[in-house]
Amino acid sequence: MKKVLLGSTGLSVSKIGFGSLTMSPSQLALPCSEGAEVIRYALERGINLIDTAQYYNSYEYIREALRRWQGDEPVIVSKSLTNDYREMLEAVEEARCQLGRDVIDIFLLHEVVGLSDLEDRKPALEALLEAKTRGWINHCGLSTHHTDVAEAAAAMKEIEVLFPLINVAGLGIRRGHDFGTKEEMAAAIEIARKNGIGTLAMKAFGGGPLLGRYQEALQYVLNLPGVDSVMVGFGSTEEVDRIFEAVDGTLSPDYVPDLTKKKLFIDQGDCVGCGSCIKRCPNGALSFSRETGLAQVDESLCMTCGYCTPVCPVRAIIFLTKK
């Protein structure tokens, strides 16, 4: 697979990156050996960029995949949600230990949700700069669904890597407390490129809803000016094969994967109405039902990212991708 330079980092990365959230406990919950095999298969085929996060609980898959890997070391991206200086240093150390690596290539502020949150994350960003000085990480930056955050990050000298959400339908893009547009995000990405910031794009398929527009959705993000690599979540070797065929131009233009079974469910018998999932949802897809007072999902807004699953204290949220 074609490799490109990631901004001014000097890192050479594949045009498609491997997103490990899909196989994690929040989504498919693959056995470690099975998930590791999918990662190894992607590495063998030429993907050299792996995305993970403290929140995903997917470090074990990557470590197992690399345990017997004989090729070049992949570029690993991790992230943490904390805004605390000490906790961010601990998150970096956790990644180093659990991944079995002395240095993490890229470490990000995970999912910055607005300009006030960006301000609140300054201590965590300072910790990442300290981790870089100590030689624990090589590059830092942030991930976001928000156009205002992406615009601000594009002008920050501390940010070396930007990881924004963008897709052909504009699903999940936010601006403050309102919806943002793909045009706003694309403009921010172009500014980041001009400033030497590397860009990794997420949610090209909108977390699932755009899989019915597979070729269109993928090519839109791949061809955006300023996007260096597109991170795609994989749960099987077959999915890896399809993305290679799409990039190589050998996939049928009519290809549509099986879309029928990928949904988020809330078990109303278990839900206690605590609201934890509603607070955690980055897309406003969850709310309290007026009739029952329990959580409910708006499928038109849900991006099936699985972020809500781990915070449910009673495991009432079920994310299913049936084969």
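The values are calculated or read from the model by the stated rules, or taken from the named source; none is laboratory data. None of the values given here were measured: they were computed from a predicted structure. Cβ: placed from backbone, ideal geometry, glycine included. Neighbour counts: every protein chain shown. Ligands, DNA and RNA are stripped out before the accessible areas are found, and what is left, the full protein with its side chains, is counted by its heavy atoms. Shrake-Rupley method; radii C 1.70, N 1.55, O 1.52, S 1.80 Å.
A helix-only calculation puts the chain at -9500 deg cm²/dmol for mean residue ellipticity at 222 nm, using -39500 (n - 2.57) for each DSSP H run of at least four residues, averaged over all residues.
Treating only the Cβ atoms of Lys and Arg (+1) and Asp and Glu (-1) as charged, compute the dipole magnitude of segment 163-256 about its Cα centre; round to the nearest 20 debye.
Details: 8 positive and 12 negative charges, 90 e Å.
Computed charge dipole of segment 163-256: roughly 440 debye.
How much net charge surrounds Glu245 when only other residues with a Cβ under 12 Å from its Cβ are counted (Lys, Arg +1; Asp, Glu -1)? Here the count lands on -2.
How much length, in nm to one decimal, is gained on full extension between Arg68 and Leu115, taken as 0.36 nm per residue of separation minus their Cα-Cα distance? Please list the in-between numbers first.
Values: separation 47, 0.36 × 47 = 16.92 nm, distance 4.26 nm.
Going from the current span to full extension adds 12.7 nm.
If pairing requires two Cys Cβ atoms under 4.7 Å apart, which cysteines of the chain are left without a partner? Among the cysteines of the chain, those whose Cβ sits 4.7 Å or more from every other are Cys32, Cys97, Cys140, Cys271, Cys274, Cys281, Cys302, Cys305, Cys312. Note on the chain: with a GNM built from Cα contacts shorter than 10 Å, the maximum mean-square fluctuation among Arg86, Arg290, Arg193 falls on Arg290.
Of the cross-linked pairs Lys79/Lys203; Lys15/Lys263; Lys132/Lys203; Lys122/Lys194; Lys2/Lys132, those separated by over 22 Å at the C-alpha level are Lys15/Lys263; Lys132/Lys203; Lys122/Lys194; Lys2/Lys132.
Computed from the Cα positions only, the extents of segment 1-111 along the three principal axes stand at 38, 37, 24 Å, in decreasing order. Here is the P(r) of the chain: all C-alpha pair distances, binned every 20 Å from 0, give 33, 62, 5 in whole percents. Only one residue of Cys274, Met23, Asn83 has its Cα farthest out toward the positive end of the dipole of the chain, where Lys and Arg carry +1 and Asp and Glu -1 on Cβ, and that residue is Met23. Positive-end ranking of Ala186, Val230, Tyr307 along the dipole of segment 178-323, with charges on Cβ about the Cα centre, is headed by Tyr307. Over all other residues within a Cβ to Cβ distance under 9 Å of Ser14, the charged ones net out to +3, with Lys and Arg as +1 and Asp and Glu as -1. A Gaussian network model of the chain, with springs between Cα atoms under 10 Å, assigns the largest mean-square fluctuation among Ala201, Ala152, Ala42 to Ala152.
With a sphere of radius 11 Å drawn around the Cβ of Gly46, what net charge do the other residues whose Cβ falls strictly inside it have (Lys, Arg +1; Asp, Glu -1)? List each step's numbers first, then the result.
Working: positive: Lys2, Lys3, Lys15, Arg45; negative: Glu44, Asp72, Asp248.
Result for the local shell: +1.
Report in % the part of the accessible area of the chain that belongs to carbon and sulfur, leaving out ligands and nucleic acids; probe 1.4 Å.
Working: 6850 of 13820 Å².
It is 50 percent, rounded to a whole number.
For segment 163-192 versus segment 1-54, the inter-centroid distance based on Cα atoms is 23 Å. Largest GNM mean-square fluctuation across Leu251, Leu125, Leu200, computed for the chain with C-alpha springs under 10 Å, falls on Leu251.
In whole angstrom, note down how far apart the Cα centers of segment 226-285 and segment 130-161 are. That distance is 25 Å. Using a cut-off of under 13 Å, list every residue of segment 192-227 whose amide N is near the label point 7 Å from the Cα of Glu299 along the Cα-to-beta-carbon line. Only 209 pass the distance filter.
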